[in-house]
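Handing you a structure now.
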Amino acid sequence: MEPARHDHVIVGAGTAGCLLANRLSEDPRCRVLLLEAGGEDNYHWIHIPVGYLYCIGNPRTDWLYFTEPDAGLNGRRLRYPRGKVLGGCSSINGMIYMRGQARDYDQWAELTGDPSWRWPAVLPHFLRHEDHWRAGEPDFSPWHGAGGEWRVERQRLRWDILDAFAAAAREAGVPATADFNRGDNEGVGYFEVNQKRGIRWNASKGFLRPARRRSNLDVRTGVQVTRLLVEPGGGAGAGLRAVGVAFRCGPGAPEETVRVAGEVVLAAGAVGTPQILQLSGIGPAALLAEHGIALRHELPGVGENLQDHLQIRAVFAVEGVRTLNTIANSWFGKLGIGMRYLLTQSGPMSMAPSQLGAFTRSSPAYRFPNVEYHVQPLSLDAFGEPLHREGAFTASVCNLNPGARGHVRIRSARPEDPPRIQANYLSTAEDRQVAADSLRLTRRIAAMPALARYRPREVRPGVQFQSDDELARLAGDIGTTIFHPVGTCRMGRADDPAAVLDPQLRVRGVAGLRVADASVMPTITSGNTNAPTLMLAERAAQLIRSGSGG
């Protein structure tokens, strides 16, 4: 039998995996192996912020997933980007730093029965790795950290049309905010981003590069894990133990194995982690039988409970103000954009996909902000399509707490086959009502005096659509993912039959196996999900190093 050469094997060098590798290898006695299916993050478009346009849909950096046809989207399928490169989704995402709302984590504590998931308890895990541009200011110091690995900066450009939208939102009753990350993100303001002087700051730069010089950390790229090695004898109530992983170093390569002395930690994300578990015989019995996979341990919740944020992109044509449409549709404008970034690392090439944000209520029925706006000084038919030539802005709005639940299920027993991703967007009456109310709210903001001088004209979905049913159907036509899948291996109470993990992120019934990525979330956070994923990894690292389970 091959001896175990590593104390921990981490599967996936994405947002969570990079932090975990850093924290676990801090102990020089701990031997850590980090496996990543993608390659090094040396593609130049990863680091130029606008380069997400060239990373999403690119096999060099993206898994190239698509959702299944969705009834809530009127039969449409969506591109479903997932990072396949060191840094994972932090190498291709929108760079927005957003923790969510305190109530998100208090709800996790209720659902797991563990008060250590409450907001006051998780806040230190956000602060530990943060390096915030305003951390030294008295009003910001209690909420933000300095000197950590994760850089958070303000954006390096402003737009008159976005300033006008912010003023219009204030006129509509949305307060201004200088900080979305204090536990109540209600308000309107410019997003803060994970950049350093106008260059993307991904998890590979922040956490992995400083750790790679450690002799006890082994990082391997181009390695796709095909299954877990699981043997009888878990002990302490677990009938099985994870003892290693099997993997291939490229398509068609022979399967190899590596054993572990301590734990296997899955950090392959809300799509990759349930796929690996299912391929390993851990998951819903009927699904595994359908694909001829021997059942090792039945866990019905593996791959279920998928949640995501669906953004509904309302477009308004405007006059008398610069937008990216009007600048980028000329060679002179493109030249100016390029020169500005080359000389100052600012301007449109430093843009996150969305610059202005707002959190508010879709109707007075909600006691808390239940929708988020991503506002952009541009418009296009769909991601990857050319910008419109007419000046316009897009006000994308999403339901922060959708009731819809989807799933991720293997398509076959072949690891190279992408799983089936069924999101079930807009599948509940409340989700459809929030969609209709959100579009009406967008219209109300656009009609405020602050925007009147630019004569906004609704292009999508169109003012001819007014009823709840019409607006919900149109939301299905124009809605698209914001790339926030979570929840497919959720943690929960001991008496919850659908929970995959216990509150310490250990897989139920399988010793030596833990999950540390967005799949562990019982419910989706009220905002962008990258920062909460880092917090989860920080918490997982603490649990592992303290010896909580295994």
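The values are calculated or read from the model by the stated rules, or taken from the named source; none is laboratory data. Please read all numbers here as calculations on a predicted model, not as lab measurements. Quick reminder, even Gly has a Cβ in these numbers, built from the backbone with ideal geometry, and neighbours come from all protein chains shown. SASA here: full protein model, heavy atoms, side chains in, ligands and nucleic acids out. Shrake-Rupley method; radii C 1.70, N 1.55, O 1.52, S 1.80 Å.
Working carefully through the options Arg241, Arg213, find the one that is surrounded by 16 or more Cβ atoms within 10 Å (Cβ to Cβ), within 21 Å of Arg31 (Cα to Cα) and out of contact with any helix residue (DSSP H, G or I) (no Cβ under 7 Å at 6 or more places or on another chain). I'd like the intermediate steps shown before the answer.
Values: Arg213 fails: surrounded by 16 or more Cβ atoms within 10 Å (Cβ to Cβ).
Unique residue meeting the criteria: Arg241.
Scan the range 191-213 for residues that are in a loop (DSSP other than H, G, I, E, B) and either more than 22 Å from Asn22 (Cβ to Cβ) or of a type in the set (Lys, Arg) (or both) and jot them down. Even if it seems obvious, please write down each step before you answer.
Applying the first criterion (in a loop (DSSP other than H, G, I, E, B)) to the range 191-213 yields 191, 194, 197-198, 201-202, 212-213.
Those that are in a loop (DSSP other than H, G, I, E, B) and either more than 22 Å from Asn22 (Cβ to Cβ) or of a type in the set (Lys, Arg) (or both): Phe191, Arg197, Gly198, Arg212, Arg213.
Another one. Please name all residue pairs, on different chains or six or more residues apart, with Cβ atoms under 9 Å, provided the first residue is in the range 241-252 and is more than 16 Å from His6 (Cα to Cα) and the second residue is charged (D, E, K, R).
From residues that are more than 16 Å from His6 (Cα to Cα), the pairs are Arg248/Glu255; Arg248/Glu256; Arg248/Glu416; Cys249/Arg220; Cys249/Glu256; Pro251/Glu416.
Follow-up question, since we're still on this one. Would you please name the residue that is nearest to Thr112 (Cα to Cα), looking only at residues in the range 477-496 that are small (Gly, Ala, Ser) and surrounded by 21 or more Cβ atoms within 10 Å (Cβ to Cβ)? Working first, answer last.
Quick first cut of the range 477-496, residues small (Gly, Ala, Ser) only: 479, 487, 492, 494.
If we keep only those that are surrounded by 21 or more Cβ atoms within 10 Å (Cβ to Cβ) as well, we get 479, 487, 492.
Working: Gly479: 32, Gly487: 13, Gly492: 4 Å.
Among them, the one singled out is Gly492.
Output the number of residues of the range 448-485 satisfying the condition of being of a type in the set (Phe, Trp, Tyr) and more than 22 Å from the chain's Cα centre (by Cα). First the steps, then the outcome.
Of the range 448-485, the ones of a type in the set (Phe, Trp, Tyr) are 454, 465, 483.
Imposing the further condition that a residue be more than 22 Å from the chain's Cα centre (by Cα) reduces the set to 454, 465.
Residues flagged as of a type in the set (Phe, Trp, Tyr) and more than 22 Å from the chain's Cα centre (by Cα) within the range 448-485 amount to 2.
Exactly one condition in (1) in contact with a helix residue (DSSP H, G or I) (Cβ under 9 Å, 6 or more places away or on another chain); (2) open to solvent by 50 Å² or more (accessible area, probe 1.4 Å); (3) not small (Gly, Ala, Ser) is not met by Pro364; state its number.
So Pro364 meets the others, but not (1).
Separate question: Return yes or no: is Ile96 within 12 Å of Phe483 (Cβ to Cβ), at pLDDT below 95 and open to solvent by 10 Å² or more (accessible area, probe 1.4 Å)?
On the way: within 12 Å of Phe483 (Cβ to Cβ): yes; at pLDDT below 95: no; open to solvent by 10 Å² or more (accessible area, probe 1.4 Å): yes.
In short, no.
Of Asp431, Asp417, which residue is outside any strand (DSSP E or B) and within 27 Å of Gln466 (Cα to Cα)? I'd like the intermediate steps shown before the answer.
Working: Asp417 fails: within 27 Å of Gln466 (Cα to Cα).
The unique qualifying residue is Asp431.
Oh, and also: Criterion first (open to solvent by less than 10 Å² (accessible area, probe 1.4 Å), of a type in the set (S, T, N, Q) and touching a Gly at 6+ places or on another chain (Cβ under 9 Å)) does Ser25 satisfy it?
Details: open to solvent by less than 10 Å² (accessible area, probe 1.4 Å): yes; of a type in the set (S, T, N, Q): yes; touching a Gly at 6+ places or on another chain (Cβ under 9 Å): no.
The answer is no for Ser25.
Could you please tell me which pairs satisfy a Cβ distance under 8 Å, a separation of 6+ or placement on different chains, a first residue in the range 341-367 that is under 18 Å from Gln433 (Cα atoms) and among the charged types (D, E, K, R), and a second residue that is at pLDDT 95 or above and part of a loop (DSSP other than H, G, I, E, B)?
Final answer for the pair search is Arg361/Phe368; Arg361/Pro369; Arg361/Asn370.
Hey, another quick one. Could you tell me whether any residue of the range 8-17 is in a loop (DSSP other than H, G, I, E, B), surrounded by fewer than 19 Cβ atoms within 10 Å (Cβ to Cβ) and at positive phi?
Narrowing the range 8-17 to residues in a loop (DSSP other than H, G, I, E, B): 12-14.
Now restrict to residues that are surrounded by fewer than 19 Cβ atoms within 10 Å (Cβ to Cβ): none.
Checked against the condition, which is being in a loop (DSSP other than H, G, I, E, B), surrounded by fewer than 19 Cβ atoms within 10 Å (Cβ to Cβ) and at positive phi, the range 8-17 yields no hits at all.
Count, please, the residues in the range 451-468 that happen to be touching a residue at least 12 places away in the same chain (Cβ under 8 Å), open to solvent by 10 Å² or more (accessible area, probe 1.4 Å) and part of a helix (DSSP H, G or I).
1
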